[in-house]
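Below: one structure, written as structure tokens.
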Amino acid sequence: MRLSQRQTPCAILLALLAAGLAGCSRSHYRLQADAEANCLVDQKAALVSAESAAIGIEVDPRSRMFSPESPDCPAMPPDDPVAHTLIECVDCKRGSKCYRHANRTPFVENPDWLNYLPRNEDGELELDLPAAVQVGLLHSTQYQQEVEDLYLSALDVSFERFQFDTQFFGGSALFFTADGRVRSGTGNASSLLEVSPSNPTSRLRMQKLTATGGELVAGFANSLVWQFAGPDNYTSTTLLDFTLLQPLLRRGGRAFVLEQLTFAERNLLANVRSMERFRRGFYLNIATGANPGPGPARGGFGAVGGPGGFGSVGNIGVGPTAGYIGLLQQTQEVENQRANVARLRASVDLFQANYDAGRIDRFQVDFARLALITGQTGLLNAEASLETSVDAFLVNLGLPPDVEVKLTDDLLDAFQLRAGDLSDLQAEADGLASDLRGEVQSRQEQEEQRQLKQDNAVDEPDREPDGKRKQPEQLPELSEPGALAEDEPGSEAESISPPERDKQPIDPTALASKSLLQLEAVEADYQRLLDAAPTRRENLRTLAGRDEVAVANIDPEVLSVERFDSRVEALRRDLDLMSTAIKALVADSETQPEAEPESPADRPVDSLVAAKLEAEEFSSLLLQLSLVQARIRLDTISIELTELTNEEALQIAMLYRRDIKNARASLVDSWRLIHFVANDLLSDL
């Protein structure tokens, strides 16, 4: 269908009108805002040598905060039922239909975020320090809030820059006027059709604001009038005008006109610094629990020196160790407490055996049991404190506290003075000796009872009326910390303490072979000590020459290289003695008959006594070996020394600390604000 020449202008006019009403989509403006914000942040990042990266506020699909809905027209999340009634009807007025018929979603968080967690085969979240930081970056609402504040700060700069851009405005209006017969006075109807941009807001106009406050406005107006009564004529009027307005006193001059743009630019620069500092503080917060300090703050004009952005010097002091390293520390403390409880339990068994043999009195057994109960109480408290710290750490990462976590970092391995395998082997030897001790005691009691049945001895003061010898009073056995009795509710729940050792058949050969492996591991620790010895000697000489040593009256022998060398030699001698003793015990165990019964109950008493003594000797040697290992590892620890005076530290801080730079800029902005406000005291011209 072809349009006539008279229809073509009308069609074009209608098309332009429809395009003006339609405008651009939400997606267009959102992408445009992202591009401008990223460009502005990159410009400021280059000025302060910060990491230049896009700050798009889009949430990663792996995060809990991610929404699968459209960012331009998201679905309505679940609402409070009472508050939702005010959307449907407010002040007895019916609400908009767009809310009643809007798409809805039942989720307030990403329903699939759990599938992206780095879990192991047991469903536990495995975290080392880098993985913990990555999880925090994905799920922390605090970090996302700081990113969005930086984004809004960049948009403030974009808006202020737009005020100085050349701005175009255009529009048109269509009027139809019917005067009627009475008004014309001639008895004829008159009508008027006018297409006019005469309204200042509906004409084609260009506007430009200068840096000194001058405002240039140029406009173009064209008016078309069709007269359908009387002469039935057509008139056209074209108007081209421009206006230049330049304030000379009040609200004029660069100091006043450029102030808001300058503040927005400087605030964005400060926020880029604050974001970089917050990123580093965020890492420290996850690692050590330190306060990350303030991040970017949008701030309004005239709020210089206020909270965030300008004028906030964040405190990132490190208090008691928390965060990821704090969890590692607490985990190690729990392991140490468990090892202590195991040693106390072995001591109680030894005291009980000596009491049963009549060598010690009841007080010593009770005292040992009291120490064990105290240790078990401390272990329960340490485990509860660790669980609380893990929950708080997960919340800090943006995760719910019910996520199972497994720490896999070897950060503190250099400071672990006793190997876990050696401690476990020692506990195994203690348990084996305890089992054999109980079996020997039981077999001896059975033998005494059989002997008493064969004897027709007279009643003695230490015999019961039936002729049996009185047995020493047996103390009640202590249960594992955290374990429940079999008849208590919930006894089948997993205990928070280590599981009980399986009752496996006695295998002295396996115990001996494991002892040799641990001896090789301690030998490897000693070799690492020899490798680190030159660095340790150099550090000791450096520390001994410091002025602080003399001021603090530190004993020079503590930092003596000769004393260190003598310790290394003593460790070599002790390790040789331990090696000889363990290898001799292993050789003795290997000379035993190979065909051993599978159950202690099938073995003679003499064999059980020999096996008990052998297990006790293994336990004693492994304890001494662990002490030698702790001494070796303690002398192996070497920390790199840093020479830094107070003056050098201050100069470095003044040069690199971003919060100090922001505070200095805030002071200058407060000074500039005085001149800006004083402008209102000038005369109007």
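The values are calculated or read from the model by the stated rules, or taken from the named source; none is laboratory data. Nothing here was measured: the structure is a model prediction, and the numbers come from that model. Heads up, the Cβs are rebuilt from the backbone with ideal geometry, glycines too, and the neighbour counts pull from every protein chain shown. Protein only, heavy atoms only, side chains kept; ligands, DNA and RNA dropped before computing areas. Shrake-Rupley method; radii C 1.70, N 1.55, O 1.52, S 1.80 Å.
The share of accessible area on segment 95-173 that comes from carbon and sulfur is 51 percent, using a 1.4 angstrom probe. Summing Lys and Arg as +1 and Asp and Glu as -1 over all other residues whose Cβ lies under 9 Å from the Cβ of Asp635 gives a net charge of +4. Site pair Thr85 and Ala524 shows an inter-label distance of 7.2 nm when each label is modelled 7 Å from Cα along Cα→Cβ. When each of the peptides 668-675, 265-272, 641-648, 516-523 is scored by the mean number of other C-beta atoms lying within 10 Å of its residues, the order from highest to lowest reads 265-272, 516-523, 668-675, 641-648. Compare the Cα positions of Cys89, Val59, Ala46 along the charge dipole of segment 34-101 (+1 at Cβ of Lys, Arg; -1 at Cβ of Asp, Glu; about the Cα centre) and return the one farthest towards the positive end. Result: Cys89. Amide hydrogen proximity for Leu248: with H placed 1.01 Å from N in the peptide plane, the residues at 5 or more positions away or on another chain lying under 5 Å are Leu685. Charged neighbours of Asp122, selected by a Cβ distance under 11 Å, balance to -2 (K, R count +1; D, E count -1).
Which of rounded, prolate, oblate describes segment 605-645, given a ≥ b ≥ c as roots of the alpha-carbon gyration tensor eigenvalues and a/c under 1.5 marking rounded, otherwise prolate only if a/b is larger than b/c? Don't jump to the answer; show the numbers that get you there.
Working: a/c = 10.33, a/b = 9.41, b/c = 1.10.
Prolate is the answer for segment 605-645, as a/c is 1.5 or above and a/b outweighs b/c.
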